[in-house]
């Protein structure tokens, strides 16, 4: 049976969009049909690069095109809610980059639009789609780790404030917590079985700035990088307690006086533990002996390109079948509750009850 190609629009063609574009390009049942960006020159360049026929600078015009069936939203965080809701109301399926938006109120508005439209919305929690994360999920669901009662995750950069819109509170909604912390918080929560968060205590720090004066060490910079723009936190940490008694401890930074940058994701159960980052390893007991077990896999740690391909392929499948995504809007709402509670706790200096 010949399946018609699904026509895809990409809204926002900054750096992250390439991972979406390249993933869609690999799918035989998809046509990259339209791109949109406020920067017309950049939009036209992407269109030429990927052989895309329709170019827009206004997302509303793209959404008005009846040929577009689904969109990836790769724009600033402060536009996620407006564009997602408009896309859903225009009858399009939506894959929106993380975080879902900036506030719980915006998240609830998006959730309402999903319900009213009947269309698919998938939140871009790309780490859920990594092959190793899905491997660990299978082990947990089969009881290999027992009851998961504690998780600990870090995403620490010693020098890595991207600047530009990432460092602009109004456009981003926050710094490392909402940018990179969202990944590890969501991944741990997902692997823990998505327990209901009940209380959160958090801290944020603005001590070092963007450290643009540092020499001899390069780092990723946003396309609109401006060393004079920085209104977000340098570092954040939090303790999240869940209804089932489990807890998650997390810390993240754009810049920190640490020897190296590091990422670590660890979960502990009463029958075993697992370290997903920096390298996948299970810890268990047998015959009165503690064992470190390394599975044979193609990748020892996160493979970003493969994870994005898995994410995009899953999105297209859900659009076609009507099945619920691995990362539905409801999960995006809960993660926003956790992120916003951390910021609120830090601002007020108290534990926040959810």
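The values are calculated or read from the model by the stated rules, or taken from the named source; none is laboratory data. Because the structure is predicted, anything quoted here is derived from the model rather than measured. Note that we place each Cβ from the backbone using ideal geometry, even for glycine, and neighbour counts take in every protein chain shown.
A compact table of results
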item: Search result, residues across the stretch 17-60 that are under 21 Å from residue 320 (Cα atoms) and out of contact with any strand residue (DSSP E or B) (no Cβ under 8 Å at 6 or more places or on another chain); result: 22, 23, 26, 27, 28
item: Filter result for residue 303 (over 28 Å from residue 343 (Cα atoms) and within 20 Å of the chain's Cα centre (by Cα)); result: yes
item: Selection count, the stretch 63-74, where residues are out of contact with any helix residue (DSSP H, G or I) (no Cβ under 8 Å at 6 or more places or on another chain) and assigned to a helix (DSSP H, G or I); result: 1
item: Selection status of residue 250, assigned by TED's automatic domain parsing to the domain that holds residue 346, without any contact (Cβ under 8 Å) to a residue 24 or more places away in the chain and crowded, with 16+ Cβ neighbours inside 10 Å; result: no
item: Meets criteria (assigned by TED's automatic domain parsing to the domain that holds residue 74 and under 17 Å from the mean Cα position of the chain (by Cα)) for residue 311; result: yes
item: Boolean, residue 120 is closer than 23 Å to residue 349 by Cβ and in contact with a strand residue (DSSP E or B) (Cβ under 6 Å, 6 or more places away or on another chain); result: no
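Conditions tested, residue by residue: (1) at positive phi; (2) assigned to a helix (DSSP H, G or I); (3) surrounded by fewer than 22 Cβ atoms within 10 Å (Cβ to Cβ); (4) not assigned by TED's automatic domain parsing to the domain that holds residue 250.
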{"residue": "178", "(1), (2), (3), (4)": "no, yes, no, no"}
{"residue": "190", "(1), (2), (3), (4)": "no, yes, yes, no"}
{"residue": "193", "(1), (2), (3), (4)": "yes, no, yes, no"}
{"residue": "199", "(1), (2), (3), (4)": "no, no, yes, no"}
{"residue": "217", "(1), (2), (3), (4)": "no, no, yes, no"}
{"residue": "220", "(1), (2), (3), (4)": "no, no, yes, no"}
{"residue": "226", "(1), (2), (3), (4)": "no, no, yes, no"}
{"residue": "229", "(1), (2), (3), (4)": "no, no, yes, no"}
